[in-house]
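The values are calculated or read from the model by the stated rules, or taken from the named source; none is laboratory data. In this text the structure is predicted, and so the values were computed from the model without any measurement. Heads up, the Cβs are rebuilt from the backbone with ideal geometry, glycines too, and the neighbour counts pull from every protein chain shown.
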Amino acid sequence: MPIEPADLARFLDPSFLDDLEKRTMAQLREARSELQEAEGAISYVRRVVQGRLDIVAAERQRRTGGSDGGGAADLLEQLPGILADSGSRSGNRLLSQLDPGDMAASLMAELDRSIDPAQLTDLPAVSDEVLAELTDSMAVIERQLSENRRSVHDRIDRFQAELVRRYQSGEASVDSLLG
């Protein structure tokens with residue numbers, strides 16, 4: 001079942017972690033899987049925001065570097081390098097799937113409503129003030145996504161720890177996975 005955007009609020013609610021020890025193994029695995037899917041969606045959108053931030057930062061750097069020439073063409077030439085650098089950020093977990101899913105599509109739509117991507121198509125024509133506002137707005141969104149992602153990671157870890165505890169204590173057996 002695809003993860004919906006409303007599920008994120010449910011996952012982040014503190015009560016989502018209630019009574020882990022009373023849940024069945026199937027319920028624990030299902031919840032962990034849903035959390036992993038949500039993490040993939042959040043990570044995808046966060047990387048998009050980071051890429052956009054890097055593009056805006058490159059334009060700001062171009063302006064402060066005193067280079068008036070090139071404009072949009074100069075920025076386009078730099079784009080592969082700008083976006084390649086954003087892939088070196090730390091704190092990435094391996095995604096369990098390549099398709100970020102419906103939640104990512106909804107989060108992307110929300111992002112595009114907050115910050116019109118058309119503003120990024122001709123950054124040299126955007127005023128310094130608008131460029132600063134774009135940077136500030138995207139930084140707020142990136143921080144919120146990062147916070148949500150950390151919370152989801154914490155929850156994944158809690159579910160994983162409960163599964164491990166059950167195997168270590170003998171409450172669950174590996175044989176039950178095979179049967």
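Some observations on this one:
- For the condition free of Cβ contacts under 8 Å to residues at least 24 places away in the same chain and either closer than 30 Å to residue 22 by Cβ or not β-branched (Val, Ile, Thr) (or both), residue 157 qualifies.
Per-residue answers, yes or no, for (1) at pLDDT below 95; (2) farther than 15 Å from residue 55 by Cβ; (3) within 16 Å of the chain's Cα centre (by Cα); (4) hydroxyl-bearing (Ser, Thr, Tyr):
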| site | (1), (2), (3), (4) |
| --- | --- |
| 124 | yes, no, no, no |
| 128 | yes, yes, no, no |
| 138 | yes, no, yes, no |
| 152 | no, yes, yes, no |
| 155 | no, yes, yes, no |
| 162 | no, yes, no, no |
| 174 | yes, yes, no, no |
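- Residue selected from region 122-140 under the condition of a type in the set (S, T, N, Q) and assigned to a helix (DSSP H, G or I), by the criterion surrounded by the most Cβ atoms within 10 Å (Cβ to Cβ): 135
- Subset of region 28-62 [farther than 30 Å from residue 164 by Cα, of a type outside the set (Lys, Arg) and touching a residue at least 60 places away in the same chain (Cβ under 8 Å)]: 45, 48, 49, 50, 53, 55, 56, 57, 59
- When restricted to residues that are loosely packed, with under 14 Cβ neighbours inside 10 Å, within 24 Å of residue 106 (Cβ to Cβ) and not basic (Lys, Arg), region 5-25 contains 5.
- Single condition residue 45 does not satisfy, out of (1) within 26 Å of residue 136 (Cβ to Cβ); (2) exposed (fewer than 15 other Cβ atoms within 10 Å of the Cβ); (3) not small (Gly, Ala, Ser): (2)
- Among the residues making up region 12-42, a single one is part of a loop (DSSP other than H, G, I, E, B) and either under 27 Å from residue 141 (Cβ atoms) or among the small types (Gly, Ala, Ser) (or both): 13.
- Annotation note: Cβ proximity below 8 Å between a residue of region 120-145 that is closer than 21 Å to residue 47 by Cβ and without any contact (Cβ under 8 Å) to a residue 12 or more places away in the chain and a residue that is part of a helix (DSSP H, G or I) and among the hydroxyl-bearing types (Ser, Thr, Tyr) (sequence gap 6+ or interchain) occurs for no pair.
- Candidates are the residues of region 141-173 that are surrounded by 12 or more Cβ atoms within 10 Å (Cβ to Cβ) and aliphatic (A, V, I, L, M); the one that is farthest from residue 109 (Cα to Cα) is 172.
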